[in-house]
Structure formats: C-alpha cells, structure tokens
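What follows is a short report on a single structure.
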Amino acid sequence: MSLPHIPWKTFAVALPRGVALFLGLFALLNLVGELSTTGFDANLWWINLPGEWRFLDTLLLGWSACCLLWFASHQRLSATHRGILTVTFGLLAAASLWNVATFYGLVLSGGIQTLFHIPFSMFVVSSLMFVVGGVWWPAAAIEQTTSRLYYFAVATMFLTCTGLFPIAQMICFGSTDYRRPADVIVVFGAKVFPDGRLSSALEERVRTGCELYRSGLAPHILFSGGPGTGEIHETVAMRRRALELGVPAAAITLDPDGWDTDLTAENTLELARQKKWRRILTVSQFFHLPRIKLAFHRHGSEVYTVPAVRLYQLRYLPYFMLREVAAWWVYYLRPLW
C-alpha cells in the first residue's frame, strides 16, 4: 500500500506567510489603533526597538508591517523583492536579539528573576528567521500554491500564531518576577468559598503579596476583588488572611469594586492619584499577569508584575490558560469598539 502524498512544498511556501500575516497585521493594527485611541499601540509586546526617536520607531514598524503583509500575499518574488524583505526582516531580528541580550543582562544583574529562561524575544527572532527562510524558498519549487490546501495552511498558521502569542506571553512574561521597591502592592481577587476560605489561587496571591510587604518592598498593600459567590466579600476574606500572616491593618487598603481586571486597574490608578502612589507592584498567577499589564497600559500606566508563588497544583490550569487567550485578545481589541 502506497503512502499518501504530502505536499511539503506547499506547506514550505504557506507556513512562513501565515506567520508574516500575523506579525504584519498585529504591527499594523497597533499603529493604526494608536491614531484613534491613545495608548493602544502594543507593539512593545513583540519587539522593543532600541531607538530613542518615537517617529523613527513608528516609521520602521510601519514599513516592516507593510513588508510582512506584502510577503504574506505574494508567492513569487523577484531578486529585488527578496533583498528588500531580507534586509527589513533582518533589522527586526537584530532588534529582537538586542531585546534578548537586554533580558539576559537583567537576569545576570539580578534586576529580574525568572523560572523560564527563554525570553519571548527569542521566539520573535525564530519566527522572523522562519519568514526569511520562506523569502528564499526556491521559486522553481513552488507547486500548487493556489490550491485550497495552500490557503488553508496560511489560515491555520495565522490562527495558531493568534493562540500561541498570548500563551507565550504567559509563559515568558508571566514567569518573570519584576519585584522592586514600590509604593503599593496590588493583589487581585479570586474565588472565596462560602465559609470564607480562600481558593488555592487566592491563597497563593495573598501569601505572595504579604511576603512582598514583609520583605519591605512597599508600605501599603491593596486587596481588590468583587463580592464573589458567598456571603463574605473577596476583599474581606483577603484582609482577614493577611492579618493572620502578620500584615498590620493600617497597611491594608480594600477595593471592593474590583469586579474584573480592568476595573481593578482603573480603581487602583484612581487611588494612586489620591494617595500619591507612583510605583505599583501587582500580584497574580503567571497566566493572568500579561492581561494585568495590558489593562494598566490601556489606562496609561506601567506596573511591575510578580507571579504568585505556586503552593498547589491548579487542577484546571489548561482551562485557565485557554480562557486567558480569549480574555487577552478581548482586552487588546476592546478600545477599538
């Protein structure tokens, strides 16, 4: 029995274009979104250009986005096209390598701690090199690139990148501890049982926040959450546990209206203006931290994130991470509508 024919050449042409389509659309959407919504630009999430001139950074990213989209929509390339695309993507890869070097410099100097020693920028470099490989795929080897399989492969790779982008952020960014001296530690709420016991996730968050306080990193701790499902409010249960862990009542502030991540960010920044808090540490599970960072960024503020120290094995971790994929994209796109 003969094996079915697998059109590898079609995949070799299609898959790099699927990656280019995702990167190009993401970069262009950020730049266009910034025109209508201040603070929308999230290109920093995939590449941090080393230049100090915002205009030049925007110009390079705009040109790169157009080149990525042009490559994604064209199958046959001339020698001139290959050269232009290679130089453009090479510059992006060089900037990403600079981001990689910056990351390892911070790790070695003790500026950050991480449980996952591969920065997100390393995946960006790999993706760009994969696209460059597609640029130089021999034109004579292209076959059946107008078939349904070709377009299916491009679309599949695009959707795969859409899902993997937030997941990679959770693993890389979420596993990195940016703790440093601050004015306040913000601990995000989670499930509280009807009898007032904290869920595993919330226990980890509260313990980590209290540890940061006891280590002297900040003089205040803010517990933010909603009413929950029982009679005891999340923030009340969090405060009670913090008192048991040795945090004085005078150091604790409650935000009972932090029903979701966005509201917690909004309420925290309002309190920060009132109390003149400038540097903020935020605590939650690693998979939640990218969305926290994005929420504060959308409100025009930067925060430093600290992953909650894991005490338990979360039973539904894959579900939480998949839910965060959808939630991250909702938070990202919401300002547009």
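The values are calculated or read from the model by the stated rules, or taken from the named source; none is laboratory data. Everything numeric in this text was worked out from a predicted model, so none of it was measured. Glycine also receives a Cβ, built like all others from the backbone with ideal geometry; neighbour counts cover every protein chain displayed.
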Taking only segment 311-333 into account, find how many residues are free of Cβ contacts under 8 Å to residues at least 12 places away in the same chain and not hydroxyl-bearing (Ser, Thr, Tyr). 8
What residue, of ALA140, ALA190, is under 22 Å from the mean Cα position of the chain (by Cα), at pLDDT below 95 and either farther than 20 Å from ALA20 by Cα or surrounded by fewer than 16 Cβ atoms within 10 Å (Cβ to Cβ) (or both)? ALA190
Can you report the number of residues in segment 108-128 which are assigned to a helix (DSSP H, G or I) and surrounded by 15 or more Cβ atoms within 10 Å (Cβ to Cβ)? 8
Considering GLY105, GLY83, GLY39, GLY62, which residue is part of a helix (DSSP H, G or I), touching a residue at least 24 places away in the same chain (Cβ under 8 Å) and not aliphatic (A, V, I, L, M)? GLY62
Residue among ALA326, ALA265 that is part of a helix (DSSP H, G or I) and within 19 Å of VAL186 (Cα to Cα): ALA265
Residue within segment 261-274 that is surrounded by fewer than 23 Cβ atoms within 10 Å (Cβ to Cβ) and either under 13 Å from the mean Cα position of the chain (by Cα) or among the hydroxyl-bearing types (Ser, Thr, Tyr) (or both) present: yes
